[in-house]
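The values are calculated or read from the model by the stated rules, or taken from the named source; none is laboratory data. What you see is a predicted model, and the numbers here were worked out from it, not measured in a lab. When we count neighbours, we look across all protein chains shown, and the Cβ atoms used for this are built from the backbone with ideal geometry, even at glycine. Accessible surface is based on the protein model in full, side chains and every heavy atom, while ligands, DNA and RNA are left aside. Shrake-Rupley method; radii C 1.70, N 1.55, O 1.52, S 1.80 Å.
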Amino acid sequence: MEHQHIYRKGTSAEAPTLLLLHGTGGNEEDLLPLAEMVSPASNVLGVRGNVLENGMPRFFRRLAEGVFDVEDLVKRTQELHAFLDWAAEKYEFDRSRIVAIGYSNGANIAASLLFDRGDALQGAILHHPMVPLRDKTLPDLSGVPVFIAAGRRDPICPPQETEDLNELLSGAGADVKLHWENGGHQLSRSEVGMASSWFKEKFLQGEQR
Ligand code: MLT
């Protein structure tokens with residue numbers, strides 16, 4: 001299935017392509033300033049979620065806050081995989097070199113991509129993610145770098161949820177860096193700064209930054 005999206009070709013052929021996944025009520029342009037901070041030379045693919053909740057775009061349905069419609073999540077995750085395959089061909093970027101940047105609902109679908117396939121993403125920056133699916137055997141994620149930013153006072157994503165996600169991803173072999181903020185669910189400039197330094201260390205070593 002198609003996604004409304006924006007694609008900007010970067011100036012570096014070596015830097016990974018950034019996949020931007022917004023929070024509930026956002027759109028494909030929301031996280032462009034993050035891409036600019038994290039890796040200005042990268043190709044950028046900003047995607048809009050196909051589900052509407054009271055007019056607000058999301059990447060999958062939920063039954064209540066924090067209660068996901070698992071069937072829909074599984075379906076939408078497959079659709080996003082297929083969209084990434086299509087986009088890589090259309091825009092001629094390397095499908096195996098996509099790093100997701102997701103916030104909230106967008107971080108949750110990014111985590112779901114990782115839970116589904118070991119080769120879905122080269123890495124991910126997850127701002128305030130939850131555990132997308134419980135009771136799932138994860139694929140081998142050996143060495144896949146994942147940055148998680150979480151808030152100690154996040155009412156939507158309690159700290160235990162973050163710890164669980166960290167444990168699940170690390171248990172599958174992912175190279176997880178967990179960063180705590182003292183605030184709630186909001187995206188802070190300081191966590192984006194930390195994500196940006198982490199990205200440079202993991203993906204842009206030896207390149208001009
Ligand atoms: C979700 O539904 O994905 C999470 O509750 C976060 C949110 O989008 O509010």
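Kindly state which helices (runs of 4 or more DSSP H) lie completely within the range 59-177 and contain at least 2 residues that are among the charged types (D, E, K, R).
Details: elements: 70-91, 105-116, 159-171.
Those helices (runs of 4 or more DSSP H) span 70-91, 159-171.
Inside the range 167-209, can you point out the residues that are of a type in the set (Phe, Trp, Tyr) and free of Cβ contacts under 8 Å to residues at least 40 places away in the same chain?
Result: Trp180, single match.
Within 11 Å of the ligand (Cβ to nearest atom), of a type outside the set (S, T, N, Q) and open to solvent by less than 10 Å² (accessible area, probe 1.4 Å), is that true of Gly106?
Values: within 11 Å of the ligand (Cβ to nearest atom): yes; of a type outside the set (S, T, N, Q): yes; open to solvent by less than 10 Å² (accessible area, probe 1.4 Å): yes.
Criteria met by Gly106.
Could you list all residues from the range 145-157 that are open to solvent by 40 Å² or more (accessible area, probe 1.4 Å) and of a type outside the set (Lys, Arg)?
Within the range 145-157, the first condition is being open to solvent by 40 Å² or more (accessible area, probe 1.4 Å), and the residues that meet it are 152-153, 155-156.
Within the range 145-157, Pro155, Ile156 meet the criteria.
Return only the number of the condition from (1) under 21 Å from Glu167 (Cβ atoms); (2) within 14 Å of the ligand (Cβ to nearest atom) that Leu114 does not satisfy.
With (1) under 21 Å from Glu167 (Cβ atoms); (2) within 14 Å of the ligand (Cβ to nearest atom) applied to Leu114, the lone miss is (2).
So which residues in the range 158-209 are modelled with pLDDT under 95 and open to solvent by less than 20 Å² (accessible area, probe 1.4 Å), if there are any at all?
Leu204
Kindly list the number of the only condition in (1) outside any loop (DSSP other than H, G, I, E, B); (2) away from the ligand (no atom under 16 Å from the Cβ); (3) over 17 Å from the mean Cα position of the chain (by Cα) that fails for Gly10.
Of (1) outside any loop (DSSP other than H, G, I, E, B); (2) away from the ligand (no atom under 16 Å from the Cβ); (3) over 17 Å from the mean Cα position of the chain (by Cα), only one is false for Gly10: (1).
Looking at the range 43-77, which of its residues are of a type in the set (S, T, N, Q) and either loosely packed, with under 14 Cβ neighbours inside 10 Å or within 10 Å of the ligand (Cβ to nearest atom) (or both)?
First, pick out the residues of the range 43-77 that are of a type in the set (S, T, N, Q): 43, 50, 54, 77.
Selection gives Asn54 alone.
The conditions are (1) away from the ligand (no atom under 16 Å from the Cβ); (2) among the β-branched types (Val, Ile, Thr); (3) open to solvent by 20 Å² or more (accessible area, probe 1.4 Å), and Val99 fails exactly one of them. Which is it?
Val99 satisfies every listed condition except (3).
Examine the range 13-30 for a residue that is open to solvent by 10 Å² or more (accessible area, probe 1.4 Å), more than 16 Å from the ligand (Cβ to nearest atom), out of contact with any helix residue (DSSP H, G or I) (no Cβ under 9 Å at 6 or more places or on another chain) and under 21 Å from Asp135 (Cα atoms), and state whether such a residue exists.
no
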